[in-house]
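Since the structure comes first, as structure tokens, the remarks are kept for the end.
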Amino acid sequence: MRSIINHLIQLQELTLVRDEKRSLLGPKADLSELNEAIGQMADSLDPAAKAIYTRLSKKDRIVVAPMHAGKCSMCGMGLAISQVQAVKQCKVLVTCPSCARILYDSAGPTWSGSRPRKPAAGTKAGIARFSAPELMIPDLKAKTEEEAIVELAESLRSAGFVETTEKLVSGAMAREKMFGTGVGHALAFPHVRGVEGGGLALAFGVSRAGIPWSGADGGVAKFVFFSAIPTATSVFYLKLLAGLAESYTKEANRKAALEADAPETLWKALAKATRWTVK
Ligand SMILES: [Zn+2]
């Protein structure tokens with residue numbers, strides 16, 4: 001059963017990768033390679049899982065959801081002890097009694113640091129809902145994708161979001177290997193999904209020298225946006241991605257980020273650049 005769950009998770013991740021490409025590139029996106037991979041993965045699913053997947057995927061992008069703290073991470077429904085056990089044992093497919101999504105026991109990263117997990121509602125707007133000055137790195141030392149992801153994940157650790165960075169880094173690297181997150185204009189959007197127990201968080205780093213990045217035009221990324229994404233915010237992330245890309249294809253915003261020499265300056269530049277694109 002674990003292999004069926006893994007198969008479903010990969011299939012879901014690929015469909016989200018396709019959504020990301022679509023939201024970044026619009027109608028001109030070439031999705032043929034992804035469409036083929038998605039078709040092949042769907043065809044090779046176990047028949048019972050395929051029937052559930054096909055039915056649920058007509059309604060929503062998220063069909064498979066991690067169980068977190070005895071609850072469905074998508075709808076928040078608390079599960080009976082017997083259901084929690086069944087999800088953990090993973091011998092049959094267990095679906096959420098409220099939203100009907102397929103549940104799995106996640107070994108993924110969780111927010112567990114000292115930082116308040118969610119800002120109080122209504123106190124912040126725009127980019128400040130997901131990020132903070134201490135998550136800005138105006139001068140990334142990294143020379144590789146992995147080193148950049150480590151530096152940005154480390155900012156989340158030192159700001160008190162997580163206790164360790166290993167799972168953030170390994171999850172983001174697995175995602176890079178699936179499909180590089182460089183998108184041209186020297187922008188890269190590494191991310192890790194399924195980080196439960198808190199809200200979406202964004203760290204931003206700038207490399208003046210540029211870091212070789214797969215998928216990027218010209219092969220380098222200078223503006224690296226690293227996101228840790230709870231499953232329930234997967235669809236919102238697509239909007240955030242599109243908003244950040246829109247802002248940072250503009251020369252004035254790129255210039256301001258490259259000129260920032262302190263986290264506070266980069267933070268102000270990011271807030272200004274995303275004022276109309278991230279809501
Ligand atoms: Zn649910």
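Can you find a residue that is without any contact (Cβ under 8 Å) to a residue 60 or more places away in the chain, crowded, with 19+ Cβ neighbours inside 10 Å and not in a loop (DSSP other than H, G, I, E, B) anywhere in the range 103-111?
Yes - at least one qualifying residue is present in the range 103-111.
Residues of the range 5-33 being among the aliphatic types (A, V, I, L, M) and either touching a helix residue (DSSP H, G or I) at 6+ places or on another chain (Cβ under 7 Å) or closer than 24 Å to residue 48 by Cα (or both), which ones?
Answer for the range 5-33, where residues must be among the aliphatic types (A, V, I, L, M) and either touching a helix residue (DSSP H, G or I) at 6+ places or on another chain (Cβ under 7 Å) or closer than 24 Å to residue 48 by Cα (or both): 5, 8, 9, 11, 14, 16, 17, 24, 29, 31.
Output the residues belonging to the range 71-97 that are loosely packed, with under 14 Cβ neighbours inside 10 Å, within 30 Å of residue 17 (Cβ to Cβ) and within 12 Å of the ligand (Cβ to nearest atom).
76, the sole residue that qualifies.
Quick one: which residue in 127, 62, 52 is under 21 Å from the mean Cα position of the chain (by Cα), more than 12 Å from the ligand (Cβ to nearest atom) and surrounded by 17 or more Cβ atoms within 10 Å (Cβ to Cβ)?
127
Test of understanding: among 162, 183, which residue is under 22 Å from residue 232 (Cβ atoms) and not aromatic (Phe, Trp, Tyr)?
Just one listed residue meets the conditions, 162.
Looking at the structure I just gave you, is residue 120 within 13 Å of the ligand (Cβ to nearest atom) and modelled with pLDDT under 95?
no
Do the conditions hold for residue 26, that is, is it surrounded by fewer than 18 Cβ atoms within 10 Å (Cβ to Cβ), at positive phi and without any contact (Cβ under 8 Å) to a residue 12 or more places away in the chain?
Against the criterion (surrounded by fewer than 18 Cβ atoms within 10 Å (Cβ to Cβ), at positive phi and without any contact (Cβ under 8 Å) to a residue 12 or more places away in the chain), residue 26 qualifies.
The values are calculated or read from the model by the stated rules, or taken from the named source; none is laboratory data. Everything numeric in this text was worked out from a predicted model, so none of it was measured. Neighbour counts run over all protein chains shown; Cβ positions are idealised from the backbone, glycine included.
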